[in-house]
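Note sheet for the following structure.
The values are calculated or read from the model by the stated rules, or taken from the named source; none is laboratory data. All values reported here derive from a predicted model rather than from experimental measurement. So basically every Cβ, Gly included, is an ideal-geometry build from the backbone, and we count neighbours across all protein chains shown.
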Amino acid sequence: MYGCAVGPGSALIEKTRQTPVDRFDRQGHPAFALGLFHIDNFSEYYTTRHIITDSTILDSGVFESLVEHDRPRTPVWRAIASALLGDITEGRYGPGDKLPTEATLAARFGVNRHTVRHALSDLVKAGFVRTRRGSGAFVAAAPATYPIGQRVRFHENLLAAGRIPRKRVLQIEIRAGTMGEADALRIVAGKNVCAYHGLSLADGLPVAVFESVFPLERLEGIDGALGETSSVTDALRRVGILDYTRAATRLTAVLADATQALHLQVREGDPLLRTTSVNIDGAGVPVEYGRTWFSGDRVTLTFEA
């Protein structure tokens, strides 16, 4: 048998084993605190079909009314997430648009910023919103289509997909090539190479980080050319390579490390698509060995024959 003790006006929440009432009010009645009890000074037990308020037994109909009043409601953060999703689906905010600041949304819904942040986090997890460190929250855009074929050109590919391409140079360095780089470029291990590290963006959103490695002895001046233009195609043209094609591409699924996560504005451990490739000139001689890490949810790679 189970019973319930509650304070005046409260409703039954749950059933557990009976516990004795050990406190009483000034009139000697049990002091009803939230929880189940064994009414020692009463002649019988009261089940969950009854509720006691101010020492009065209420029938089950009144009890049900009280329980109805206390049934769980939709969390405020979830209601805010639903309202924002409605704004997005109705076109108030389009792909790539920046959402109002947390402070503005907090004022709109009459809540604190923590609640707004919870709602935005839910939309991010569902894929409707993207956040950028220091920039705010944006409506997620559909992934950019990026074809991988015999001729792979970053700017041309994104322009064809209706996106605005941009590259940001992170570092250009001269160093000794690794064994893997030397093998791919067909140079002697330890020979100097030019390594170009950069960030690729589509409509201002980071979509990939990359490292392109060039044989310095074969492409004299490539480091200076890359310093003048962020385009690999333009830089190669300036050192005499008027055309080049893709000889091979290998695709691997990897997890973002801390540095990649920082540049791509994703979480460490998020999935990335890594391409490893070799480009050759008209004579079949390697001119570039590259590795690119694409954000898995921002780019759709398609392979062309």
Exception for ALA160 within (1) at pLDDT below 95; (2) touching a Pro at 6+ places or on another chain (Cβ under 9 Å); (3) buried (at least 17 other Cβ atoms within 10 Å of the Cβ) falls at (3)
Name every residue in region 250-305 that is in a strand (DSSP E or B), exposed (fewer than 14 other Cβ atoms within 10 Å of the Cβ) and of a type in the set (Lys, Arg), in order of residue number.
ARG250
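Yes/no matrix, rows are residues, columns are (1) within 12 Å of ILE148 (Cα to Cα); (2) modelled with pLDDT under 95; (3) not β-branched (Val, Ile, Thr):
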site	(1), (2), (3)
ASP270	no, yes, yes
VAL287	no, no, no
GLY290	no, no, yes
TRP293	no, no, yes
Filter region 123-179 for residues that are under 27 Å from GLY282 (Cβ atoms) and in contact with a His (Cβ under 7 Å, 6 or more places away or on another chain) and give the result.
PRO165
Residues that are of a type in the set (A, V, I, L, M) and either touching a Cys at 6+ places or on another chain (Cβ under 6 Å) or over 28 Å from VAL188 (Cβ atoms) (or both), drawn from region 205-257:
LEU205, VAL207, ALA208, VAL209, LEU216, ILE222, LEU251, ALA253, VAL254, LEU255, ALA256
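With free of Cβ contacts under 8 Å to residues at least 40 places away in the same chain, farther than 14 Å from SER212 by Cβ and of a type in the set (Ser, Thr, Tyr) as the only criterion, which of THR229, THR276, THR245, THR252 stands out? Spell out how you get there, then give the answer.
Numbers: THR229 fails: farther than 14 Å from SER212 by Cβ; THR276 fails: farther than 14 Å from SER212 by Cβ; THR245 fails: free of Cβ contacts under 8 Å to residues at least 40 places away in the same chain.
From the options THR229, THR276, THR245, THR252, the qualifying one is THR252.
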List pairs: first residue in region 281-305 and among the acidic types (Asp, Glu), second residue modelled with pLDDT of 95 or more and not in a loop (DSSP other than H, G, I, E, B) anywhere in the structure, Cβ distance under 6 angstrom, at least six positions apart or on different chains.
ASP281/VAL287; GLU288/SER212; GLU288/PHE214; GLU288/ASN279
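Please tell me if GLY284 is at positive phi and out of contact with any Leu (no Cβ under 8 Å at 6 or more places or on another chain).
Values: at positive phi: yes; out of contact with any Leu (no Cβ under 8 Å at 6 or more places or on another chain): yes.
Against the criterion (at positive phi and out of contact with any Leu (no Cβ under 8 Å at 6 or more places or on another chain)), GLY284 qualifies.
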Just give me the residues in region 135-152 being in a loop (DSSP other than H, G, I, E, B), surrounded by fewer than 17 Cβ atoms within 10 Å (Cβ to Cβ) and under 25 Å from the mean Cα position of the chain (by Cα), in sequence order.
SER135, ALA141, ALA142
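Taking helices (runs of 4 or more DSSP H) that fall entirely within region 153-248, which contain at least 2 residues that are farther than 30 Å from ARG132 by Cα and either of a type outside the set (A, V, I, L, M, F, W, C) or out of contact with any helix residue (DSSP H, G or I) (no Cβ under 7 Å at 6 or more places or on another chain) (or both)? Spell out the reasoning first.
On the way: elements: 154-160, 179-185, 222-228, 232-238.
Answer list for region 153-248: 179-185, 222-228, 232-238.
Please work out if GLY198 is modelled with pLDDT of 95 or more, under 22 Å from ARG153 (Cα atoms) and not hydrophobic (A, V, I, L, M, F, W, C). Before the answer, list the steps.
Values: modelled with pLDDT of 95 or more: yes; under 22 Å from ARG153 (Cα atoms): yes; not hydrophobic (A, V, I, L, M, F, W, C): yes.
When the stated conditions are applied, GLY198 passes them.
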If the Cβ limit is 8 Å and pairs must be 6+ apart or interchain, which residue in region 88-114 that is under 14 Å from VAL129 (Cα atoms) pairs with which residue that is among the basic types (Lys, Arg)?
PRO100/ARG108; GLU102/ARG113; GLU102/ARG117
Tally of residues being in contact with a Phe, Trp or Tyr (Cβ under 9 Å, 6 or more places away or on another chain) and either under 25 Å from PRO206 (Cβ atoms) or aliphatic (A, V, I, L, M) (or both) across region 171-180
3
